[in-house]
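Worksheet for the structure shown next.
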Amino acid sequence: MKRYLKLVNFEFNRIAKVYFVLLAIVLVSQFAGVIVESKSYLKEANHMIYEELMPKAEFFLQYGPMSLERVFASIWFFGPIALCIGVVAFYIFLIWYRDWFGKNTFIYRLLMLPTARLNVFLAKLTTILLMTLGFVAFQLILFPIESTILKWMVPKDFRMDMGTLEVIGSFRELQMIIPTSFIEFILYYGAGFAVVTLLFTAIMFERCYRIKGILLGIGYGFLAVVLFFTPILIQEFLQNHYLYPSELLLLEIVMGLIVTCCSIWTSSYLLKKKIRV
Amino acid sequence: MNNIKFNNRDPVYVQVVRHFKEQIATGMLEPGQEIPSRRELANKLKINPNTAQRAYKEMEEEGLIYTERNLPSRITKDEHVLGSVREELILQAVDSFVNSIRSINVPVDEVLYLVKEKYSAEDKN
Amino acid sequence: MIEVKDITKKFGRKEVLKGVSFTANKGEITCLIGINGVGKTTILNAIMALTPIHSGQILINGETIKKESFEKITFIPDAITMLPNMRISDAMEFMDDFYNSWNQKRATELLGFFKLKESDRISDLSKGNTAKVNLLLGLAMDVDYILMDEPFSGIDIFSREQIADVFTSHLIEDRGVIITTHEISDIEHLIDKVVLLDNGQVLKEFNAEAVREDEGKSVVDVMREVFKA
């Protein structure tokens, strides 16, 4: 356990610099988004009301009030989030391959630690999880600040203030990233965790058997997905809606846990018996 | 004790023992003088510590060195052993000299004369 | 004792190890010699469970390798096992963090022995100094066995002499060492045991001093006979 925690700490530190740069990009870009969007809204309002002499009520009817919603629809907001998602997705692979390639042979060191090799696997998995949850937490901290900046920028009668939950609720895409109920949160991120575990296992297959391993990895992934969806498939094709949706959900959760445990067990076996440097 | 030129075909421990004998015979090592530990010797001569150990064991068996309790080993003070070391070295050298000179068929008197000449010439230098 | 018992291994269809057996004792330096690409590195990897074998068995002090074994045996591959952006001190701290058998006192002594600066970054080191750091990371551990893959290859003569000095010093103590090499002349006097490998097989396993004593041959003489045959 002690060595696992040390490994997590070590793995996180390896990406920390990049990670904090990403956080900074998110912060700067989103704050800039609030400012730029607010300014352009006010400019538009000024233009319409004072130059085109449109009545205020008419303007509101056509343009709506200024709110964070407008900011979130812009590239300033979604751009950096997409970047973060991309980096995490890329790092899922890089976190392993960086230890095999390049001038160093750090994988030797990791595999020769006096601890179960599964801990190396779990530490990398935890690092990916920490990165992801860190982004989410950071975004949650940013919301109220962005809301405050908006208040500074836009006079009260031009804006519509929204709470954080309201903000998230107004965007489907945002709800995918930050679910508004705890159950949903666990389900979404649980599924994400299962997928990362599956990808890691596929990487382990590739690292053990190389080209043949790619096929094995894809095969394993296919099997895992089929296994996971078995309840739904049976429901659809054979049993004709025998289960209540809540029962089906429960069954899917159980299948997800089984598939994830299988992946972890398989990876542990491969790391112990089949891995190659 | 510095730098022995080892040859690759004789056992290293035998070469180490011979080296010690030479040092004793020439007085570089004196009777009762302390000698390095096997670890120090291995390090100094750049040989395997097991080989150094073997050389010391050999010398102990021949009575060239002795060890009292946990003290460092010393060169023997036994006159008889010391004398025989000198004799052994001289005999060995003479043997190999005779072997090589015999193959050219030189009469012994001529050889002795030349040896004397050479010796005194080198002493002058 | 490390016992390698009849191990075989294939890369694809190519058999790289065809039933290799030998033993290496604690307190002895065992040298695996093969001209080129004869699976020396693969054997060391196999001992450390860094590559799977197809059949055979490897025992360390009578047991197959397990996680605790890595406190008893260490491997120094031919490239450094630390990240390039680490300082030497970071690498030492990493070892200290993860291994109970890490001996910080000896590590500091080795730094002096090799004349290395703790604050240097691994990526900035010369080839010779990188090899020395790599060696330091293994030698500073209180382990029974040290495996070294080609510790002398590709580095300058002075670094080579310094590394050879390690073998005759207290830094090796009474440990068992297995080293692979294709260039024996630097270390002929230092080794106890020789295992000659060719084509994935052990051609001969012998004690260097015994061969000199009983047959009046040097290690190179024996190599010449065996490899020419």
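General remarks:
- A:L42 versus A:M160: modelled label distance in nm, points set 7 Å from Cα along the beta carbon direction: 2.1
- Between B:H19 and A:L227, the simple label model (points 7 Å from Cα in the Cβ direction) yields a spacing of 6.5 nm.
- Region C:1-30 and region C:200-219: distance between their alpha carbon centers, rounded to Å: 18
- Cα centroid separation, region A:125-168 to region C:73-129 (Å): 45
- Helix C:104-113 and the longest principal axis of the C-alpha atoms of chain C enclose an angle of approximately 80°.
- Rolling a 1.4 angstrom probe over the protein assembly as shown with all protein chains present gives an accessible area of which 59% lies on carbon and sulfur atoms.
- Legend: calculated FRET efficiency, A:I85 to C:N25, from the Cβ-Cβ distance at R0 = 45 Å, rounded to 0.05, equals 0.20.
- Sites B:E34 and C:S126 - FRET efficiency at Förster radius 41 Å, r taken between beta-carbons, to 0.05: 0.50
- Reduction of at least 50 Å² in accessible surface, 1.4 Å probe, comparing all protein chains with the chain by itself, residues of region C:169-192: C:H189
- Helical runs assigned H by DSSP (4 residues or longer) give chain A a calculated mean residue ellipticity at 222 nm of -27500 deg cm²/dmol, each run adding -39500 (n - 2.57) before division by the residue total.
- Hydrophobic, long helices, defined as DSSP H runs whose alpha-carbon span along the helix axis is 27 Å or greater and whose mean Kyte-Doolittle value is at least -1.0, occur in chain B at B:79-102.
- Inter-label distance, nm, simple model (7 Å from Cα along the C-beta direction), B:L71/A:K273: 6.3
- Using the Cβ-Cβ distance between B:E87 and C:V220 with R0 set to 22 Å, the FRET efficiency from 1/(1 + (r/R0)^6) comes to roughly 0.05.
- Residues of region C:42-67 buried by at least 50 Å² of accessible area upon assembly of all protein chains, compared with the chain on its own (1.4 Å probe): C:L50, C:P52, C:K67.
- Counting 0.36 nm for each residue step from A:H241 to A:F60 and taking away their Cα separation leaves a gain of 60.3 nm.
- Chymotrypsin sites (Phe, Trp or Tyr not before Pro) restricted to region A:96-181 and DSSP loop, no more than 15 other C-beta within 10 Å: A:F101
- Loss of accessible area when A meets C, both sides summed, Å² nearest 100, probe 1.4 Å: 2300
- Degrees separating the helix A:117-153 axis from the principal Cα axis of chain A, which is the longest one: 0
- With the helix formula -39500 (n - 2.57) applied to DSSP H stretches of n ≥ 4, chain C reaches a computed 222 nm mean residue ellipticity of -9000 deg cm²/dmol.
- Buried accessible surface for the B/C pair, both sides summed and rounded to the nearest 100, is 1700 Å² with a 1.4 Å probe.
- Helix C:157-167 vs. chain C, principal-axis angle (Cα, 0 to 90°, nearest 10): 80
- Within the same chain, aspartates and glutamates fewer than 8 places from C:K115 are excluded, and of the rest, those with a Cα less than 19 Å from its Cα are C:D90, C:E93, C:D124, C:D156, C:E161, C:D165.
- Burial of accessible area (probe 1.4 Å, heavy atoms of protein chains only) in region B:38-59, relative to its chain alone, reaches at least 10 Å² for B:R38, B:R39, B:N43, B:K46, B:I47, B:N48, B:P49, B:N50, B:T51, B:R54.
- Rolling a 1.4 Å probe over the protein heavy atoms gives chain C an accessible area of 40 Å² per residue.
- Counting only protein heavy atoms and a 1.4 Å probe, region A:1-164 has 48 square angstrom of accessible area per residue.
The values are calculated or read from the model by the stated rules, or taken from the named source; none is laboratory data. Note that the coordinates shown come from a computational prediction; the quantities given were computed from them, not determined experimentally. As a convention, Cβ positions derive from the backbone with ideal geometry for all residues, glycine included, and neighbour counts pool all protein chains shown. The area values use the complete protein model at the heavy-atom level, side chains included, leaving out ligands, DNA and RNA. Shrake-Rupley method; radii C 1.70, N 1.55, O 1.52, S 1.80 Å.
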